[in-house]
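The values are calculated or read from the model by the stated rules, or taken from the named source; none is laboratory data. Treat the numbers as computed from the prediction; the structure is a model and nothing was measured. Every residue, glycine among them, receives a Cβ derived from its backbone with ideal geometry; neighbour counts consider all protein chains shown. When the accessible area is computed, the model is the full protein with side chains, heavy atoms only, and any ligands, DNA or RNA have been set aside. Shrake-Rupley method; radii C 1.70, N 1.55, O 1.52, S 1.80 Å.
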Amino acid sequence: MLDRYVWGSVGGVSSEAPIPVLKVDAGRCEEKAGGAGSVAADVLALDAKAITAGIVGSEAHGAKLRALLRAAGADTSGLFTDPSRPTTVKTRMIARSQQMLRVDEETDVEIDATAARRLTAFCLKAIRRVDAVVVQDHAKGTVTRGLVAELAAACRTQRIPLIIDPAPNGDYAKYRGATVLTPNRSEARQGAGIEIRDEKTAALAGRKLIRSLGLDAAVITLDSEGMAVVGQVREVTMLPAHALEVFDVTGAGDVVSATIAVCLASGASLPDAAALANVAAGIEVGKIGVATVSRREILERLHGGAESKIKTRADLATVCEDLHSRGRKIVFTNGCFDLLHIGHIRLLTAARKFGDALVVAINSDASARRIKGPERPIVPEDARAGMLAALEPVSYVTVYDEDTPIPLLKLVRPDVIVKGGEYGKGGVVGGKLVESMGGRIENVAMVPGVSTTKIAERARLKAGKKQQGRRGYVD
């Protein structure tokens, strides 16, 4: 299915009905692959390969969905067009970071026999060249009993896992023979007929699903309580939630299915696969809408450390897009930051107070030499980036090779740009650009008598005197 996001701000209450009016931001309509397409995007974000299979309509929405998946790197040879059906489209209206309304365009009529045979034949052929199969069921008529039965039998023959994310209010009997079922709390209650309140009831529900459907395991996601991993043996593993902030749970189930599938396909055990899926889900719910989670993000969450703050330009673009989507205020400052000193610390501490996240952009060694002269920088760029990343006020650090930060400013779109007081508002490079994008300039007072140039000069003078003293003693 195709997920559409329309962003804006509430412009008051309609005179026609007691409903809010969404003033759409110019150019802020986003389209992403949703449903099984979202799982494919998640698989690709984990650096695995994805073959997609399903049904789309013949209209522009279907062509857009196919194009999005191809652009992400998915094999779309199993994405068939059925002119008699519309592409499922979900349009979400969002004011700042709050979803106001969702509009669905879809049909839930089961696909006809011809489409079913074509889809099944493709899947059975594709299974011979994959390491795992994921079925994402949304009860839109594509995932039929016959299709699942054929997939389950073929996966057993090929000895590869079949992971199924069931549909809400779905026909649970059709999931018989899956390797792992990944229902949420509500879906597990519907499938097992057991209200899940704690570890004991999660185990009961999971085991009932395993027995009745012939599963190897059930991984039940429990929203803010994490997830329960239930196997055929008596033990149940409860994994606490890893979310630092929860903005939108949309897409969390997709990330869980994709991560478990990639891990099992790579030879991981189910407990390890579920643990990583739990971490991935915790990252995903901190984003707005259906969003992918990369291997890099999972590793950063697991290992943390200052190094995780240092971003490439591509990674920074993703981070800033996410921050903007959540209504977070981004502060930006830049410079060489050579020989880190108290003036830098006070600048960064003050800058962070202007917003929610502080991006510090530093000149590369080559850029610093062009601007400051052949003797600079004194400290190489990787060391400068590492020291800045270790500072608590700094959220992200990036290195730029240009002589000015303007290309980065266009990418980051900061709400505030901060520089030292010596520049004044008119002397801040990129200040007018930031203001044209709706941001503002802030100047922070300098620490008198403190600068890298002055520190370096004092060091040279002291070194010179010391050397003269040594020569006099030798003479």
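Observations on the structure shown:
- At the residue level, Cys263 shows approximately 20 square angstrom of accessible surface with a 1.4 angstrom probe and all protein chains present.
- Ranked from largest to smallest solvent-accessible area, with a 1.4 Å probe on the protein heavy atoms, Ile342, Ile455 come out as Ile342, Ile455.
- Accessible area, probe 1.4 Å, largest first, for residues Asp3, Asp401: Asp401, Asp3
- Local charge for Leu433 was computed over the other residues whose Cβ lies under 10 Å away, with Lys and Arg +1 and Asp and Glu -1, and equals +2.
- Histogrammed with a bin width of 5 Å, the alpha carbon distances of the range 9-165 distribute as 2, 8, 16, 18, 17, 13, 9, 6, 5, 3, 2, 1, 0 percent, first bin at zero.
- Sequence-distant lysines (8 or more away, or on other chains) whose Cα lies within less than 19 Å of Lys49: Lys32, Lys125
- Legend: residues His61, His324, sorted from most to least accessible area (1.4 Å probe; ligands, DNA and RNA excluded), read His61, His324.
- Cross-link pairs Lys329/Lys432; Lys200/Lys287; Lys174/Lys200; Lys90/Lys140; Lys64/Lys90; Lys353/Lys425 - those with Cα-Cα distance over 22 Å: Lys200/Lys287; Lys174/Lys200
- Taking all protein chains as shown and a probe of 1.4 angstrom, Asp254 keeps an accessible surface of around 10 Å².
- Separation of the Asp171 and Leu204 label points, Cα + 7 Å toward Cβ, nm: 2.9
- Tilt relative to the chain, helix 452-474 - C-alpha long axis, 0 to 90 degrees, to 10: 60
- Our note on the geometry: Cα centres of the range 264-307 and the range 336-389, 31 Å apart.
- A Cβ-based charge dipole, computed about the Cα centre of the chain with Lys and Arg at +1 and Asp and Glu at -1, lands at about 1380 debye.
- Three-way shape label, the range 73-231, alpha-carbon gyration tensor, a/c 1.5: oblate
- For the chain, the longest principal axis of the C-alpha atoms and the axis of helix 342-352 are separated by about 40°.
- Cα centroid separation, the range 51-88 to the range 117-158 (Å): 17
- Estimated 222 nm signal from helices in the chain, with DSSP H stretches of n ≥ 4 weighted -39500 (n - 2.57), rounded to 500: -12500 deg cm²/dmol
- Calculated Rg and Dmax of the chain using C-alpha coordinates, Å: 27.4, 102
- Surface share of carbon and sulfur [accessible, 1.4 angstrom probe, percent] for the range 58-98: 54
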